[in-house]
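The values are calculated or read from the model by the stated rules, or taken from the named source; none is laboratory data. Bear in mind that the values here come from a model prediction, so they are computed numbers and not experimental data. No Cβ is skipped: glycine too gets one built from the backbone with ideal geometry, and neighbour counts run over all protein chains shown. Heads up: the accessible areas ignore ligands, DNA and RNA and are worked out on the full protein's heavy atoms, side chains in. Shrake-Rupley method; radii C 1.70, N 1.55, O 1.52, S 1.80 Å.
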Amino acid sequence: MQMFENIPLAPLTTFGIGGPARFFVEAKSRSEVEEAVAFSGNKNLSLFILGGGSNLLVADSGWAGLVLKVAITGIDQRPGRNDESKVLFDVGAGEIWDRFVSHAVVAKCAGVECLSGIPGSVGGTPVQNVGAYGQEVSETIESVEVFDRRDGQVRELCKEACGFSYRASIFNTTERDRFIILRVTYALTPGGEPHLEYADLQRHFEGRETRPNLAETREAVRHIRARKGMLITPGDPDSQSAGSFFKNPVLSVAQHDDLRKRAAARGLSVPAYPALEKNKKVSAAWLIEHSGFARGYGFGHAGLSSKHALAIVNRGGATASEILALRDQIRHRVEELWGISLQTEPVMVGL
Ligand code: EPU
């Protein structure tokens, strides 16, 4: 295990923001993870687990403790245990997520094709129950292998134990900081049909006579994401972000009524479509755009993506403080106009 000191974190994030890590280590195996945890314990350092860095905002002052990047790789395929109609994939937490999606699609296994083009590593996917275009990883995760910092044991958590809900799990709520994810087991459907529920995808394939296959669905998703600035594309300033900066608020019936009334008073109607309605969600991007923050808003280093109002982007040289100032401005105005408090999605590191 090689320990580094004062490593800049900005280049390890998609936002490209953040100061240095006092100590930094990349763990390529379970035993290196254990060694790194022991090092942080002995030196009394606070530990931050880094995956692909795609959903993080790191403080300008960086991280005063140890940053542990989990770099366990490998994709192993085996038959389903109890359900023979599934194939299991054991995927190292450090694998690049999109590499796994591509692998699954090439193997003609359905279940994650709509999650193409999402940046980051496999280990991060259960944490925030990654989802897009009608799929969520909670639908296909079979189990998660973790290192339990409480007792130093490695254990296998079944999907029910992970407590998944919209952009949440035990890993980012009740048991935050307790587990280090080492490997994720996905149960996919060999020969399965692609999931084409989401309106954007249906529009993309409109007029087609044959049903798209998994590979075409994957390409379609990447295409749609690129159009929204949600695919990391070198040279596209709109993709220097942490993806959606805010969650879509989940409203009660009373809150939803109140929102509709506020919208009607302004001659607007709140967009409604199945993917949101199913979960009583409302589009945060719509709320932001109707609070005076158009796509492309902002003048300094930090602004909104010109392709999607939900992404705050680093236009070059932005600091975490500038991002947070824009966040506060948006949250304040949305709350004032719509009575809704937007929750942020990225993990805040050292903030
Ligand atoms: N909209 C706007 N302005 C915009 C963009 C969208 O008003 O600039 C409205 C439109 O009414 C649009 C609706 O918002 O129809 C939904 O937009 P979109 O389909 O882009 O989805 P989203 O709800 O904004 C969510 C996820 C994304 C995921 C997409 C596609 C969250 C917070 N975000 O965005 O996930 O890719 O659906 O499924 O749930 C992420 O979490 O980082 C992320 C990119």
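Based only on Cα atoms, what Rg/Rh ratio does the chain have, Rh being taken as Kirkwood's radius?
Computed over Cα atoms, the ratio is 0.97.
Going toward the positive end of the dipole of the range 123-235, with +1 on Lys and Arg Cβ and -1 on Asp and Glu Cβ, which of Gln128, Ser138, Asn213 do you reach last?
In the range 123-235, that residue is Gln128.
Apply the Karplus curve 6.51 cos²θ - 1.76 cosθ + 1.60, θ = phi - 60°, to the phi angles in the range 144-160 and return the couplings in whole Hz, x for Gly and Pro.
The phi angles translate into 10, 8, 10, 9, 8, 5, 5, 10, x, 8, 9, 9, 10, 9, 6, 4, 4 Hz.
Per residue, how much accessible surface does the chain expose to a 1.4 Å probe? Answer in Å², no decimals.
Result: 46 Å² of accessible area for each residue.
Tell me, in nm to one decimal, what length is gained between Arg227 and Arg208 on full extension, where the rule is 0.36 nm per residue of separation less the Cα-Cα distance?
Gain on extension, Arg227 to Arg208, equals 4.8 nm.
Need the C-alpha centroid separation for the range 12-41 versus the range 95-156, integer Å.
Between the Cα centres of the range 12-41 and the range 95-156 lies a distance of 20 Å.
Roughly what % antiparallel, to the nearest 5, for the DSSP beta bridges in the chain?
Details: 41 of 54 bridges.
The answer is about 75 percent antiparallel.
Cα-Cα over 28 Å: which of Lys86/Lys280; Lys108/Lys307; Lys278/Lys307; Lys69/Lys280; Lys69/Lys108; Lys43/Lys159? Numbers along the way, then the final one.
Numbers: Lys86/Lys280 31 Å; Lys108/Lys307 32 Å; Lys278/Lys307 25 Å; Lys69/Lys280 36 Å; Lys69/Lys108 31 Å; Lys43/Lys159 34 Å.
Where the Cα-Cα span goes over 28 Å, the pairs concerned are Lys86/Lys280; Lys108/Lys307; Lys69/Lys280; Lys69/Lys108; Lys43/Lys159.
Residues in the range 59-96 near a label at Met3, defined as backbone nitrogen under 11 Å from the 7 Å Cα→Cβ point?
66
Work out from phi, with θ = phi - 60° and the Karplus expression 6.51 cos²θ - 1.76 cosθ + 1.60, the ³J(HN,Hα) of each residue of the range 195-212, listed in order in whole Hz, and give x for Gly and Pro.
8, 10, 7, 6, 4, 4, 6, 4, 4, 4, 9, 3, x, 7, 8, 9, 6, x
At a probe radius of 1.4 Å, what is the per-residue accessible area of Thr189, in Å² to the nearest 10?
Surface open to solvent at Thr189 totals about 40 Å².
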